[in-house]
Amino acid sequence: MLSPEMPCDEVLRQQILDDNELLDTPADPYLDTLVRVVREVFAVKTVLISLIDHDRQWFKSRIGLDITETPRTISFCAHAILDTQPLIVEDTYNDLRFHDNPVVINNPQIRFYAGQPLFSEEGQPLGTLCLIDPAPRQLSDKQLRLFIDMAVLVEGYLKLRHVSAQTEQLRAALSREQRKTMLDPLTQLWNRAGLDHFLPRHQQQADELGLSLGVLFCDLDYFKKVNDNHGHAAGDQVLWETARRISAAVRPQDVVTRSGGEEFVVLLLVHDAHELLQIAERIRNTLSKEPVETDNQPLHLTISIGAALRSAGEPPSSTMKRADQALYQAKGNGRNRVEFAH
């Protein structure tokens, strides 16, 4: 195995990557949608948006792979960022750089790899969009051009995100080390600690903007049966896909968290109960309209939701409790429904 070299301007590259505030951040529904489309277009098992950090590669978005990062020393993408053109490995078994790499010999058993570097505004390679498959293959000239175009879309979105107000707020609110402790490794959502952090901030924002704090408690119906009948690996896939669908159903400024188990809590700034319930129904519909694909079979799932709107002067913790109570009502009234706490 050949370990990747360091770029000649690695210190500058790493500094720009850190300044972009991409590492150890929650999943992004737009990037998740893009990697899903790329996988469908190229019919590969795995698509990643990989960022090359000091001693690891960390996946900002992924589909077809359960882990969130690998050591940089075994990273194909760390090789890819050394050039401006795509790195194409048609068969790792025939490539002296990779034939005995641990991710070739063991899971995910990479045989085919294609990685296109993603560049910052300053022209520094931050990571790659990459295709991975357990079978050797080739890309036609047309496919290669399309792959590069897809990477341009990813790169452009990352640049826009860097200058967005949301990124500025994130930078001001949390250090990178804090973010690491607030991310759920399975779903790449904020965890309970993240929820506790953002709850008072969202209340403050609501007051400043003349809006109301809305809270949605979302709980998958009969999730225990998924683990019992299909195994915990399928259960993890369901939780990962549920996180993707909830994030896609809400707005960029909303905070989506996994508070534990199969329960997700969403914090929102809304004008009234009608707006809150519209978003809640959108979440419910996105779970029930299409089955969740697992390695074994598609699973038809539903979700129950409790909604609460903060009353004037009410502590946010009380709003949370009322949303939780509304969730229990939704479960008791037949599941796959939204209940509002009056």
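The values are calculated or read from the model by the stated rules, or taken from the named source; none is laboratory data. No experiment lies behind these values; they were computed from the predicted model shown. Counting neighbours? That spans all protein chains shown, and the Cβs are built from the backbone with ideal geometry, glycine included.
Of note:
- Qualifying residue in segment 195-213 (condition: touching a residue at least 12 places away in the same chain (Cβ under 8 Å), surrounded by 21 or more Cβ atoms within 10 Å (Cβ to Cβ), within 22 Å of Lys289 (Cβ to Cβ) and in contact with a strand residue (DSSP E or B) (Cβ under 7 Å, 6 or more places away or on another chain)): no
- Residue ID - surrounded by the fewest Cβ atoms within 10 Å (Cβ to Cβ), chosen from residues in segment 6-25 that are assigned to a loop (DSSP other than H, G, I, E, B) and touching a helix residue (DSSP H, G or I) at 6+ places or on another chain (Cβ under 8 Å): Pro7
- Candidate set: segment 273-306, residues that are among the small types (Gly, Ala, Ser) and either over 24 Å from the mean Cα position of the chain (by Cα) or modelled with pLDDT under 95 (or both); chosen: the one farthest from Gln253 (Cα to Cα): Ser288
- For segment 266-285, the set of residues classified as touching a helix residue (DSSP H, G or I) at 6+ places or on another chain (Cβ under 9 Å) and under 16 Å from Ala206 (Cβ atoms) consists of Val266, Leu267, Leu268, Leu269, Val270, Ile279, listed by residue number.
- Taken over segment 45-76, the criterion of being in contact with a Phe, Trp or Tyr (Cβ under 7 Å, 6 or more places away or on another chain) and either without any contact (Cβ under 8 Å) to a residue 24 or more places away in the chain or within 21 Å of Gln143 (Cα to Cα) (or both) is satisfied by Leu48, Ile49, Ser50, Glu69, Phe76.
- Single residue of segment 253-280 satisfying the filter (among the β-branched types (Val, Ile, Thr) and assigned to a strand (DSSP E or B)) that is nearest to Gly214 (Cα to Cα): Val270
- Contact map, segment 217-228: residues that are surrounded by fewer than 22 Cβ atoms within 10 Å (Cβ to Cβ) paired with residues that are in a strand (DSSP E or B) and of a type outside the set (Val, Ile, Thr), Cβ distance under 6 Å, separation 6+ or inter-chain. Pairs shown: Asp219/Glu263; Asp219/Ser304; Asp221/Ser304.
- Identity of the residue in segment 295-342, part of a strand (DSSP E or B) and either aromatic (Phe, Trp, Tyr) or free of Cβ contacts under 8 Å to residues at least 60 places away in the same chain (or both), that ends up surrounded by the fewest Cβ atoms within 10 Å (Cβ to Cβ): Pro298
- For segment 282-294, the set of residues classified as without any contact (Cβ under 8 Å) to a residue 40 or more places away in the chain and polar (S, T, N, Q) consists of Asn285 only.
- Residue that is farthest from the chain's Cα centre (by Cα), among those in segment 132-166 that are at pLDDT below 95 and polar (S, T, N, Q): Ser164
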